[in-house]
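The values are calculated or read from the model by the stated rules, or taken from the named source; none is laboratory data. Quick caveat: nothing in here was measured; it's all calculated off a predicted structure. Quick reminder, even Gly has a Cβ in these numbers, built from the backbone with ideal geometry, and neighbours come from all protein chains shown. In case anyone asks, the SASA skips ligands and DNA or RNA and just uses the protein heavy atoms, side chains included. Shrake-Rupley method; radii C 1.70, N 1.55, O 1.52, S 1.80 Å.
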Amino acid sequence: MKRTKIIDVLQSTEYGKEVCVKGWVRTHRSSKAVDFIALNDGSTIKNVQVVVDPAKFDEQLLKDITTGACICAVGTLVESQGAGQSSEIQATQLEIYGLCDNTYPMQKKGQSFEVMRKNAHMRLRTNTFGAVMRIRHNMAMAIHTYFHEHGFFYFHTPLITASDCEGAGNMFQVTTKNLYDLKKDEEGKIIYDDDFFGEQTSLTVSGQLEGELGATALGAIYTFGPTFRAENSNTPRHLAEFWMVEPEVAFLDQEELMDLEEDFIKYCVRWALDNCKDDLQFLNQMIDKTLIERLEGTVKSDFVRLPYTEGINILQEAIKKGKKFEFPCNWGDDLASEHERYLVEEHFKKPVIMTDYPRAFKSFYMKQNELVSGTDEHSIGYKGAVAPGPTMQGTDVLFPQIGEIIGGSVREESYDKLMAEIKRREMDMTHLWWYIDTRKWGSCPHAGFGLGFERLILFVTGMQNIRDVIPFPRTPKSAEF
C-alpha cells in the first residue's frame with residue numbers, strides 16, 4: 001500500500017479511509033486494553049497517534065516497538081477522541097523495519113544539547129532538531145525565492161582559491177603534496193611547483209571577490225554556498241565550515257544597499273512566520289518564549305541606520321551612566337558582540353544598520369567616504385558630523401541575540417583609489433591581479449553584503465549555539481560525522 005506522509009494524514013478529514021504511515025516511534029504507551037504509539041516521519045513536528053488493540057497483535061511484536069524503532073502502520077483514519085490531535089489511526093497491520101534497543105541515545109527523557117552534539121548522527125530525529133532543520137530548509141527556499149523574484153542570478157564561485165579575500169580569516173590549505181616529504185627552497189619555504197594546482201591553494205573564506213566579477217557582467221548576482229575559516233574560536237557564534245549568502249549589485253549606492261539588506265532579511269523572517277508556524281510554536285514553547293514576538297517585531301520595525309561615530313557616542317554615554325563592558329569601545333575600536341547587542345537590545349530595542357566604520361579595521365576594497373570641506377586631510381565627515389579619522393562605507397546589520405548578522409559595504413570602483421589603498425596597506429596583490437583588472441576595464445559603482453546563513457537560523461529558531469543549527473558542525477578538534 002502506498003505510504004502517506006504524516007503531515008498529510010493529520011490534515012486529512014477522510015475519516016474511514018485506510019492509510020499507511022511509516023516513521024520512527026517517539027513514544028509507546030501500553031496497557032492491557034489499548035496501546036498508543038506516537039509516530040513521526042519528519043514531515044512535521046506533530047506526531048500521529050496509532051491506536052493498537054493488543055489482543056489483535058503478537059505480544060512480542062508490540063514489545064519490540066520501542067522508542068526510536070522504525071515501523072510501518074496500516075489502519076483506518078478516524079477522528080480523534082483525545083485532546084491535542086484531530087485525527088488518529090486505528091491499526092490493522094504493524095511491521096517493524098528497524099529495532100531500537102535501550103542503548104538508543106535519544107530516549108524520551110530530556111537530553112542536554114551538549115550530549116546531543118556528541119550524538120549528532122542521532123539528534124536529527126529529535127523534535128527540536130527536526131524543527132530546526134525544517135526551518136533551515138525554509139530559509140534556503142526564502143533566499144532563493146527572494147533573489148529570483150528580484151532579478152538576481154544565482155552565481156557559483158569557487159571553493160578552492162589562491163586568493164584570501166584579504167582580512168577575511170585564516171584558511172585551510174588544499175594540497176596533494178606528501179606532507180612527510182615537502183620540497184623547500186633555500187629560504188625554507190615550501191615549493192608548490194609539483195602540487196596539483198602548481199601554487200598554494202586553500203578553501204575559500206568568501207565568494208565576494210569573484211561575485212563582484214559576476215555583478216559587473218550580469219548586473220545583480222548572489223552566491224549561496226559553504227565557506228571555511230581556520231580560526232581557533234570555540235564560541236557559540238563561530239564555525240569552521242558555514243554557509244554564506246553574498247549578493248553583489250552593480251550601480252548600487254549606500255542607501256540602496258541598506259534598503260536591500262533590510263528588505264531581504266525581513267522577507268526571510270516573514271517567510272518563516274508564514275511557512276513554519278508549527279515548528280516556531282514548538283520552539284517558542286521549548287527554547288525561547290519570546291521567539292515569535294521577536295520575529296514579528298523584526299518584520300514590523302524600521303531598522304535604525306546608525307553611523308559608527310554616533311554608535312560610539314551612545315556606548316560611551318552608557319559607560320558614564322554605569323554600564324560595564326568587557327572590551328573597550330573608543331573611536332577606532334572594532335565593536336565587540338557585547339557592544340552590538342547593547343545597541344540593538346537595550347538602547348534601540350530593534351535591529352540596527354551600522355555604517356561608516358573607521359578605515360583601520362575594514363577591508364581594502366571598501367569605498368572611502370569623501371573629505372568634508374574645511375577639515376584637515378585626515379578627518380572624514382558623515383552627514384555633517386566629523387569623525388576623527390577616515391571612514392569607509394560599510395553597512396553592517398546588527399540583530400538582537402546575535403550581534404552582526406550581515407556585513408556589507410559599497411566597493412571602491414576607482415582604480416586609482418583602490419591602488420592607493422593597496423599601496424598604503426603594503427598588500428601583496430600577486431594573486432588578485434584579476435580583481436584589479438575590473439577597475440581598469442569598464443569599472444562601475446557597485447555594492448554587496450554577506451549574510452552568515454547559520455546566524456540567520458540562530459535568530460529565526462531562538463537557538464543559543466550555532467553548532468545546533470547546522471546538521472554536522474565543524475569546530476576546532478571536532479570533525480566527526
Work out the charge dipole of segment 207-298 with +1 on the Cβ of Lys and Arg and -1 on the Cβ of Asp and Glu about the Cα centre, then indicate which of 224, 238, 298 is farthest towards its positive end.
238
Crossing angle, helix 208-218 versus the chain [Cα axis fit, 0-90 degrees, rounded to tens]:
90 degrees
Under the Karplus relation with 6.51, -1.76 and 1.60 and θ = phi - 60°, whole-Hz ³J(HN,Hα) for segment 82-95, x at Gly and Pro, equal x, 7, x, 8, 8, 10, 8, 10, 8, 6, 10, 9, 9, 9
Counting only the heavy atoms of the protein chains, how much of residue 296 is accessible to a 1.4 Å probe, in Å² to the nearest 10?
80 Å²
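Scaled to the compact-protein estimate 2.2 N^0.38 Å, what is the alpha-carbon radius of gyration of the chain, rounded to two decimal places? Don't skip to the answer; put the middle values down first.
Details: Rg = 27.2 Å, N = 481, 2.2 N^0.38 = 23.0 Å.
Rounded to two decimals, the normalised Rg is 1.18.
Given a cut-off of under 8 Å on Cα pairs at least six residues apart, what relative contact order in percent is computed for the chain? If you can, show how the numbers build up before the last one.
On the way: 884 pairs, mean separation 65.0, N = 481.
Reported as a whole number, the value is 14 percent.
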For the pair residue 144 and residue 465, the simple spin-label estimate (label points 7 Å beyond Cα toward Cβ) gives in nm 3.1 nm
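Rounded to two decimals, what is the ratio between the C-alpha radius of gyration of segment 223-309 and 2.2 N^0.38 Å? Present the calculation step by step, with values, prior to reporting the outcome.
Details: Rg = 16.4 Å, N = 87, 2.2 N^0.38 = 12.0 Å.
Working it through for segment 223-309, the quotient is 1.37.
In terms of solvent-accessible area of protein heavy atoms at a 1.4 angstrom probe, what is the ranking of 433, 271, highest value first?
Values: 433 155, 271 55 Å².
From most exposed to least exposed: 433, 271.
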Rank these residues by their accessible area, most exposed first, probe 1.4 Å: 77, 218.
218, 77
Cα-based Rg and Dmax for segment 418-481, where Dmax is the largest Cα-Cα distance (Å):
19.3, 47
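Quick check on segment 104-184: take the gyration tensor over C-alpha atoms, sort the square-rooted eigenvalues as a ≥ b ≥ c, and tell me if it's rounded (a/c under 1.5), prolate or oblate. It would help to have the intermediate numbers written out before the result.
Working: a/c = 3.39, a/b = 1.25, b/c = 2.71.
Oblate is the answer for segment 104-184, as a/c is 1.5 or above yet b/c matches or exceeds a/b.
Using +1 on the beta carbon of Lys and Arg, -1 on that of Asp and Glu, and nothing else charged, what's the dipole of the chain about the Cα centre, debye to 20?
Numbers: 54 positive and 70 negative charges, 385 e Å.
The calculation lands at about 1840 debye.
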Ignoring ligands, DNA and RNA, how do 144, 446, 150 rank by accessible area with a 1.4 Å probe, largest first?
150, 144, 446
With every protein chain in place, the accessible area of residue 29 for a 1.4 Å probe, in Å² rounded to the nearest 10, comes to 130 Å²
Between segment 1-78 and segment 177-235, what is the separation of their alpha carbon centroids in Å?
51 Å
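Using a probe of 1.4 angstrom, how much of the accessible area of the chain is carbon and sulfur, in percent?
Working: 11960 of 23760 Å².
Using a 1.4 Å probe with all protein chains present, the chain comes out at 50 percent carbon and sulfur.
Per the Kirkwood treatment, what hydrodynamic radius in Å, one decimal, follows for segment 1-140 from the mean inverse distance over all distinct Cα pairs?
15.7 Å
What's the long-distance tail for segment 1-84, i.e. % of Cα pairs beyond 15 Å? If you can, show how the numbers build up before the last one.
Values: 1954 of 3486 pairs.
The share of Cα pairs beyond 15 Å in segment 1-84 comes to 56 percent.
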Treating the beta-carbon of each Lys and Arg as +1 and of each Asp and Glu as -1, no other charges, what is the dipole magnitude of segment 1-142 about its Cα centre, to the nearest 20 debye?
660 debye
Under 12 Å from a point 7 Å along the Cα-to-Cβ line of residue 478: which residues of segment 97-128 have their amide N that close?
113-121
Mind pulling up the Rg/Rh value for segment 316-365? Radius of gyration and Kirkwood radius, both on Cα.
0.98
Mind listing P(r) for segment 11-56? All alpha-carbon pairs, 5 Å bins, whole percents.
5, 18, 25, 25, 19, 7, 1
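Any chance you could list the semi-axes, whole Å, largest first, of the equivalent ellipsoid that the Cα gyration tensor gives for segment 84-226, using √(5λ)? Spell out each step's value before the answer.
Values: eigenvalues 401, 156, 36 Å².
So the three semi-axes of segment 84-226 are 45, 28, 13 Å.
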Would you mind checking the radius of gyration and Dmax of segment 166-237 based on alpha-carbon positions, in Å?
16.4, 47
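Convex hull over the Cα atoms of segment 52-109, averaged projected area in nm²?
Numbers: hull surface 19.9 nm².
Value for segment 52-109: 5.0 nm².
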Potential lengthening between residue 288 and residue 345 on full extension [0.36 nm per residue; Cα-Cα distance subtracted]:
19.0 nm
Computed magnitude of the charge dipole of segment 381-448 (debye, nearest 20; Cβ of K, R +1, Cβ of D, E -1)
180 debye
Once Lys and Arg get +1 and Asp and Glu get -1 on their Cβ, which of 264, 358, 89 lies farthest toward the positive end of the dipole of the chain?
89
Just the accessible area for residue 239, please: 1.4 Å probe, Å², rounded to the nearest 10?
20 Å²
Stretched fully, the stretch from residue 443 through residue 112 gains (0.36 nm per residue minus C-alpha distance, one decimal, in nm) 113.8 nm
